[in-house]
Amino acid sequence: MATKEPLSTNKNHKFGSEYQFYPRWGNGIGFTGNTSIKDVQLDYNIMITNGNQEYTNRYEEDNNTMEAIATRIRLTPKRGLKIGFYMYEDVMTEYEEIDNDLEPTGGRIQLFSYGTHVEWTHKDFGLEIEGVQGTINPTPGETIKRSAYTAMIYYTIKE
């Protein structure tokens, strides 16, 4: 299936948000696995990454001493139904431009996001729904709350 990523949840910066709910990639270490409890399948991912960095190439320089943590748990309680829960938390260094150079301000930006994803399929039909909530705390005492939702109905023509 080839579809574009939903702008509201995966590329919300295109709507003017300064920060995405969670980054699209990161360097770090991850743990992944799966198990079953009775007839329910469960898989999980836990990742510790270098997190968001505003002004550097994340593959070349990690200028943020704090690390980010992301988790995802996905349940498959019955055939054709998947339910996922995820969380992302990061603390980033604030920068300001001084004489055409970017200098750390000594401040921190806290980013926290969580959400759920449901996918239901029956034969060639499918439905996906995702909801994401999050907060950004650019300075102590100031909190920006955000929400985003997407839904997609699809039909598989050919595998």
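Across the range 109-128, what is the number of residues that are in contact with a strand residue (DSSP E or B) (Cβ under 6 Å, 6 or more places away or on another chain), open to solvent by less than 80 Å² (accessible area, probe 1.4 Å) and in a strand (DSSP E or B)? Can you show your working first?
To start, the set of residues in the range 109-128 that are in contact with a strand residue (DSSP E or B) (Cβ under 6 Å, 6 or more places away or on another chain) comprises 109-120, 124-128.
Within this subset, residues satisfying the condition of being open to solvent by less than 80 Å² (accessible area, probe 1.4 Å) are 109, 111-113, 115-119, 124, 126-128.
Of the ones still in play, those that are also in a strand (DSSP E or B) are 109, 111-113, 115-119, 126-128.
Total satisfying the criteria: 12.
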Next on the checklist: Which count do you get for residues in the range 129-159 that are of a type in the set (K, R) and exposed (fewer than 14 other Cβ atoms within 10 Å of the Cβ)?
Outcome noted: 2
Checklist outcome for this item: Residue count, the range 4-53, condition modelled with pLDDT under 65, closer than 17 Å to E130 by Cα and open to solvent by 80 Å² or more (accessible area, probe 1.4 Å), comes to 1
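The values are calculated or read from the model by the stated rules, or taken from the named source; none is laboratory data. In this text the structure is predicted, and so the values were computed from the model without any measurement. Every residue, glycine among them, receives a Cβ derived from its backbone with ideal geometry; neighbour counts consider all protein chains shown. What goes into the accessible areas is simple: the full protein's heavy atoms, side chains included, and nothing from ligands, DNA or RNA. Shrake-Rupley method; radii C 1.70, N 1.55, O 1.52, S 1.80 Å.
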